[in-house]
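The values are calculated or read from the model by the stated rules, or taken from the named source; none is laboratory data. Small disclaimer: the values here were computed from a predicted structure and weren't measured. Every residue, glycine as well, gets a Cβ built from its backbone with ideal geometry; the counts of neighbours run over all protein chains shown. Surface accessibility is based on the protein's heavy atoms, side chains included, excluding ligands, DNA and RNA. Shrake-Rupley method; radii C 1.70, N 1.55, O 1.52, S 1.80 Å.
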Amino acid sequence: MKKAYTLRVAGLERQLPLCPLNEKLYIGAFIMFGDVELTCACARELLKIAPEHDVMITSESKGIPLIYEMARQAGENHYVVARKMQKLYMSDIISCEVNSITTAKKQTLYLDGKDAASMRGKRVLIVDDVISTGDSLRALEELVERAGGHIVGKMAVLAEGDARDRKDIQYLAVLPLFNAEGEEI
């Protein structure tokens with residue numbers, strides 16, 4: 001069985017370990033945490049294709065280094081993170097449930113009222129590391145809409161599986177799904 005997938009994105013190459021979702025379906029584990037070179041390169045390339053926007057949003061946690069670097073490179077001083085848990089400092093919270101294929105249970109994303117206010121009437125760009133089933137993306141869209149923001153774009157480093165066929169997202173590369181033998185499906 002093949003144990004890794006060679007990913008080429010943003011002019012770089014990385015080996016992604018293959019991880020089982022179930023007995024028949026495997027995914028390539030794309031983890032940007034700790035990889036500064038990859039994070040900076042992907043942020044640079046996403047900014048080249050990003051639409052005009054006033055604020056960016058991502059969900060906790062794998063999108064955080066990416067959105068931080070995008071904001072830094074673009075000279076923006078603010079971005080929004082939808083949190084996986086309510087924090088003591090939060091008030092006037094907006095929430096939305098989400099199912100993610102990399103998490104074994106249903107989660108809730110929370111948006112602080114101050115962050116919601118920062119998006120009201122603004123052009124909002126949704127950013128993530130990987131779009132797969134689109135459920136996390138749907139939850140972010142709902143949060144932005146409930147906050148009164150206007151979504152101008154949805155983008156990710158990778159489109160996984162059938163997400164590559166979506167016309168409403170922008171991405172840098174395709175990440176295939178794999179069978180139990182490690183072959184692309």
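Overview of results
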| quantity | calculated |
| --- | --- |
| Scan of the stretch 110-146 for residues that are out of contact with any Ser or Thr (no Cβ under 8 Å at 6 or more places or on another chain) and of a type in the set (Asp, Glu), ordered by number | 115, 129, 141, 142, 145 |
| Selected residue (criterion: surrounded by the fewest Cβ atoms within 10 Å (Cβ to Cβ)) from residues of the stretch 79-106 that are at pLDDT below 90 and of a type in the set (A, V, I, L, M) | 104 |
| Identity of the residue in the stretch 1-13, in contact with a Phe, Trp or Tyr (Cβ under 8 Å, 6 or more places away or on another chain) and not hydrophobic (A, V, I, L, M, F, W, C), that ends up modelled with the lowest pLDDT | 2 |
| Enumeration of residues in the stretch 17-55 that are hydrophobic (A, V, I, L, M, F, W, C) and in a loop (DSSP other than H, G, I, E, B) | 21, 25, 29, 30, 31, 32, 33, 50 |
| Hits in the stretch 133-152 - residues which are under 21 Å from residue 22 (Cβ atoms) and open to solvent by 50 Å² or more (accessible area, probe 1.4 Å) | 133 |
| Boolean, residue 155 is open to solvent by less than 30 Å² (accessible area, probe 1.4 Å) and over 28 Å from residue 19 (Cβ atoms) | no |
| Every pair of residues 6+ apart whose Cβ atoms lie under 6 Å, when the first sits in the stretch 36-63 and is surrounded by fewer than 18 Cβ atoms within 10 Å (Cβ to Cβ) while the second is at pLDDT below 95 and not in a strand (DSSP E or B) | 60/84 |
| Pairs, first free of Cβ contacts under 8 Å to residues at least 60 places away in the same chain and among the charged types (D, E, K, R) in the stretch 149-172, second in a loop (DSSP other than H, G, I, E, B) and surrounded by fewer than 19 Cβ atoms within 10 Å (Cβ to Cβ), C-beta under 8 Å, six or more apart | 154/168; 154/169; 166/134 |
| Single unsatisfied condition, residue 118 versus (1) touching a His at 6+ places or on another chain (Cβ under 7 Å); (2) among the small types (Gly, Ala, Ser); (3) closer than 19 Å to residue 65 by Cα | (3) |
| Number of the exception - residue 148 against (1) in contact with a Gly (Cβ under 9 Å, 6 or more places away or on another chain); (2) at negative phi | (2) |
| Selection count where residues are open to solvent by 90 Å² or more (accessible area, probe 1.4 Å) and not in a loop (DSSP other than H, G, I, E, B), scope the stretch 1-16 | 3 |
| Some residue of the stretch 65-78 being open to solvent by 60 Å² or more (accessible area, probe 1.4 Å), outside any loop (DSSP other than H, G, I, E, B), out of contact with any strand residue (DSSP E or B) (no Cβ under 8 Å at 6 or more places or on another chain) and among the hydrophobic types (A, V, I, L, M, F, W, C) | no |
